[in-house]
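Trainee: Have a look at the structure that comes next, please.
Values in this text are rule-based calculations from the coordinates and carry no lab data. For clarity, every value in this text was computed on a predicted model and none was experimentally measured. With ideal geometry, Cβ positions are generated from the backbone for all residues, glycine too; neighbour counts draw on all protein chains shown.
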């Protein structure tokens, strides 16, 4: 269970309803002086200050029960001692008997990129999509059994709904335990890296773009460099992500920025 993931899901919903809605405008509405602070919260790089809990609860139009739940999520994420973490975790579990199941399922959701590919396919095609059709649309050769398993998981998490025999993308929030997202994200990025290697070998250069370079940087400038990359990602998304059913192909953008050498003592 993760307050940052909860907020990010909410922001994506707002973004879908209003493509011009940005993190900057939301931060201004909430009275947060720096939009980069909100950006860091959404990406799990920073905890949400407690003073913004009620402001966000009002903005999200949460019920009293939902607001209490959200407050506990924020405090759980900010907890420093094991005693605090256990206290808030038990408090949340008392109000959510299905929490344990969702923790396991959300790990499976995050670790496998196929789940997100399938969700986005439902934003491309406003028609009945079956596992067989999904398999034909995807470039990577996913086994039909894996696609069916993914659809079942997305349906179980209420991210897909079955209406008149046809699946449709829904909007559900998935909470993950504090120690699960990092492990799941590691699996996710490893899987994406494998797909990228396959794309280098099999996709025409006109259909892909791979570039990279190695350079020297001062360690104290890393936070600023990462912030610039996040800004680029947001600007790129605002410029090229199409509204539902207006795009005609899925692409994946991956930004890799990592150390090649140890820090040099000067």
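Trainee: Would you mind telling me which residue in 234, 220, 65 has the biggest mean-square fluctuation in a Gaussian network model of the chain, where springs connect alpha carbons within a distance under 10 angstrom?
Mentor: In the Gaussian network model the winner is 220.
Trainee: Calculate the translational D of segment 3-96 in whole µm² s⁻¹ from Stokes-Einstein, where the hydrodynamic radius comes from the Kirkwood formula applied to all Cα pairs, the temperature is 4 °C and the viscosity 1.567 mPa s.
Mentor: In µm²/s, the coefficient rounds to 93.
Trainee: Same structure, new question: Using Cα springs under 10 Å in a Gaussian network model of the chain, which residue among 221, 141, 20 shows the largest mean-square fluctuation?
Mentor: Comparing 221, 141, 20 in a Gaussian network model of the chain, the most mobile one is 221.
Trainee: Which ordering of 264, 200 is given by a fewest-first count of other beta-carbon atoms within 10 Å?
Mentor: With the fewest neighbours first, 264, 200 line up as 264, 200.
Trainee: So, one more: For the chain, set up a Gaussian network in which alpha carbons nearer than 10 Å are linked by springs, and say which option among 222, 129, 60 fluctuates the most.
Mentor: Largest GNM mean-square fluctuation: 222.
Trainee: Take peptides 111-121, 9-19, 245-255 and line them up by average Cβ neighbours within 10 Å, highest first, as a rough protection proxy.
Mentor: Most protected by this proxy first, the peptides run 111-121, 9-19, 245-255.
Trainee: Over the chain, calculate the relative contact order: mean separation of alpha carbon pairs under 8 Å at least 6 apart, over the residue count, as a percent.
Mentor: 21
Trainee: Hey, what did segment 3-96 get for relative contact order, percent, Cα under 8 Å, at least 6 apart?
Mentor: The normalised contact order for segment 3-96 reaches 24 percent.
Trainee: Across the Cα atoms of the chain, what radius of gyration and what greatest pairwise Cα-Cα distance (Dmax) are found, in Å?
Mentor: Cα-based Rg and Dmax for the chain come out at 20.0, 67 Å.
Trainee: OK, next. Assuming R0 = 51 Å, can you tell me the calculated FRET efficiency for the pair residue 259 and residue 135, based on Cβ-Cβ distance, to the nearest 0.05?
Mentor: 0.85
Trainee: Counting each DSSP H run of 4 or more residues in the chain as -39500 (n - 2.57), what helix-only mean residue ellipticity at 222 nm follows after dividing by all residues, to the nearest 500 deg cm²/dmol?
Mentor: -18000 deg cm²/dmol
Trainee: Give me the one-decimal nm value for the distance between modelled label points at residue 163 and residue 211, 7 Å along each residue's Cα-to-Cβ direction.
Mentor: Result: 4.1 nm between the two label points.
Trainee: Can you give the FRET efficiency for residue 68 and residue 156, using 1/(1 + (r/R0)^6), R0 = 22 Å, r = Cβ-Cβ distance, to the nearest 0.05?
Mentor: 0.25
Trainee: Here's another thing I want to ask about it. Provide the gained length on full extension for the span residue 221 to residue 146, in nm with one decimal, where the gain is 0.36 nm per separating residue minus the Cα-Cα distance.
Mentor: That works out to 22.8 nm of additional length.
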